[in-house]
Structure formats: C-alpha cells, structure tokens
C-alpha cells in the first residue's frame, strides 16, 4: 500500500445496482448510463475493491452518487421510495464488507416528514454513520424553515451531515442563454454553491441554534480558504456601509469561527496548493482525506487516491497532522456507537 496508515476516503460515491434498476424502471429513462459506462467502479463492487487496494485506501465512506434523487424524481413520493432503495443498497454493501465500506444514507428533503422517517431508519436499523444532503433542494436554500426539523434531528443524534454541491447544467450563467456552457456549472458552480450554503447556514442562525450540528463539505472548503480575508473584511465592511450590521452583530461568535466549524475533504484532484490553503485555514483537525472516487480518475476510478495520499505526505506539515488527515479525523467521526 502507498501509506502505512489505515487511510479512510471520507467522501466517495456509488450507485447500488437495485437502485439503478428501479430508478430506470420508474423514470422510464436512464440517468446513469453514461456514468456507469465511464466509471465501472461506481457500480461494480469488485472493481471498486481493486482500485482501493491499488491506491492504498483501507476503507471508503459510501455516499449515493450524483445526480440528486430529487432532481431526477421531482415527485416526492417516488423520490422517497428511491431513497429507501438506495439506502438499503449501500447498507447491504457495507454489511458485506464491513472493514472496507462505511455507509451513509441519503435524505431527500422534498418531503421533510418522509426524510425524517428515513433518517431514523438509516441511523437505527441500517447502522449508517450519517446522512447525505445537497447544498440546495431543487433550488431552495437549506435555511428555509421547513428543513429545520431535519437539522434538529441530526444535531440531536450527533451524526454528521455530508453536504454535496449541486447546480444543474440547465441553470445558465448569463441572461438569454438556455444552459451553462463549458462545464462552468460544475467546475466553478459547485464550489460556489457550497460556499453559499455554508454562508446561509451561518447567517440564518442555525449553527447557533444547533451547536451540535456536524457538516462534512466537499472540495477542501470550496471558496472559503482562498477568500478568507475577503469574506472577513467585506461582509463586515458592507454591513457597516449599508447600515445592516444586524447580520454580523447577531452572530454569537466571530464570523470565521463558523466557517472553521465545518469539516472539509481533500477532493481537489491532489492539488498541493489547494490543500495547503485548506490546511492554513482549517488546521489539521477539520480536514478529512476524501477523493470524490471514482469520479476524478476515469476509467480506473481510483479518485486520484494514490496521488492524493502521496501529496498529503509531501506537504510541509508535522507527521502527526498528516496522520490526522489520512486516518484519525475520520476515525473520530465514524468509529463510535
């Protein structure tokens, strides 16, 4: 193995076979065909295990792959049924390979009551370690009051929320166009959506109201580490100039402390500069090794894990901090009753 540590990849994606089959049947279309053809490990478990061994990854956290269920199944009842099938599939894989896979459920918030029931089932019956949501719900922000019961439940249960960005190609970047071009919606749009969701959760007061909430976000904190000083300076400055200081003044802690309360992964395609920016902002305690596997490395589907591990080992930081990122932080969040 590349690393002597028991490396945990804390943010990977999978499409359980029965979920794929049932979604195709119910929708009458195939939203997964191109993904499965390009990335066999997203569907083929044996191929997935081989890529993990090749890369030196001891175990993976399994979350359901994009696209969000609510985006392919806008009907809330169908979305809830597909979520249940997907969660059963992920739990079954983790039960077959308990030393290799950590299961995380999906909560579809288009029907909050159904999502609460399914979350309880995932945590109590399926043994899942947390729940996956997206940075918006069919374009609605997470700080809308109807979604609060989900966050209250997760805070009460003390389980992490994996928060994945979403922004569809159909949302254009300029007026008069029908869709986003040149992958802007994904490459730049997803980090924007993550930073926006984090900011809305902060200023809405949800993190003050529910201090036990734990979020794991994608892509090394997205825009936040790079724009640290801009966030800190401009938000306070604009509030003063526009006489809207209530937005800053009502926070119970310094603004940047809230951003630092999020956990982030290392899914930045093994970029040393991006990882050092995240390390400089978050420190070693809030960073989890995560690759987005199997996506960044088609067709092998390793998620650039071997390169990511090598880059973490190469960074100018104490060995104890590298161990935290590659192994210990994930163990602290996942290996508990």
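Neighbour counts of other Cβ atoms within 10 Å put 53, 292 in the fewest-to-most order 53, 292. Over the chain, DSSP H runs of length four or greater, each weighted -39,500 (n - 2.57), average out per residue to a 222 nm ellipticity of -13000 deg cm²/dmol.
Taking a ≥ b ≥ c as the square roots of the eigenvalues of the Cα gyration tensor, segment 22-132 is oblate, since a/c reaches 1.5 or more and a/b is not larger than b/c.
Contact order, relative form, for segment 1-143: 24 percent (alpha carbon pairs under 8 Å, 6 or more residues apart, mean separation divided by residue count).
Reducing segment 136-196 and segment 197-215 to their Cα centroids gives an inter-centroid distance of 15 Å. Of the residues 167, 286, 230, the one that moves most in a GNM of the chain with alpha-carbon contacts below 10 Å is 230. Fully extending the segment from residue 236 to residue 144, taken as 0.36 nm per residue of separation minus the present Cα-Cα distance, adds 30.8 nm. How would segment 8-334 be classified by its alpha-carbon gyration tensor: rounded, prolate or oblate, with rounded meaning a/c under 1.5 and the a/b versus b/c comparison settling the rest? Rounded, because the longest to shortest axis ratio a/c is under 1.5. Shape analysis of segment 169-306 places it in the oblate category; the axes a ≥ b ≥ c from the Cα gyration tensor give an a/c of at least 1.5, with a/b not above b/c.
Computed over the chain, relative contact order equals 19 percent, with contacts defined as Cα pairs under 8 Å that lie 6+ residues apart. Counting 0.36 nm for each residue step from residue 200 to residue 175 and taking away their Cα separation leaves a gain of 6.5 nm. Relative protection proxy for 122-131, 201-210, 54-63, from highest mean packing down: 54-63, 122-131, 201-210 (other beta-carbon atoms within 10 angstrom). Under the simplified labelling scheme, the residue 99-residue 4 pair shows an inter-label distance of 2.0 nm, with each label point 7 Å from Cα along Cα→Cβ. Between residue 117 and residue 247, full extension at 0.36 nm per residue minus the direct alpha carbon distance yields a gain of 43.4 nm. With the chain treated as a Gaussian network of Cα nodes joined by springs under 10 Å, which of 164, 321, 219 yields the largest mean-square fluctuation? Of the options given, 321 has the highest mean-square fluctuation.
Counting beta carbons within 10 Å around each of 279, 258, 134 and listing the fewest first gives the order 258, 279, 134.
Read-outs: derived from the displayed coordinates by stated rules, not from any lab. Since the structure is predicted, the reported quantities are computational estimates derived from the model, not experimental observations. A quick note on method: Cβ atoms are made from the backbone with ideal geometry, for glycine too, and the neighbour counts reach across all protein chains shown.
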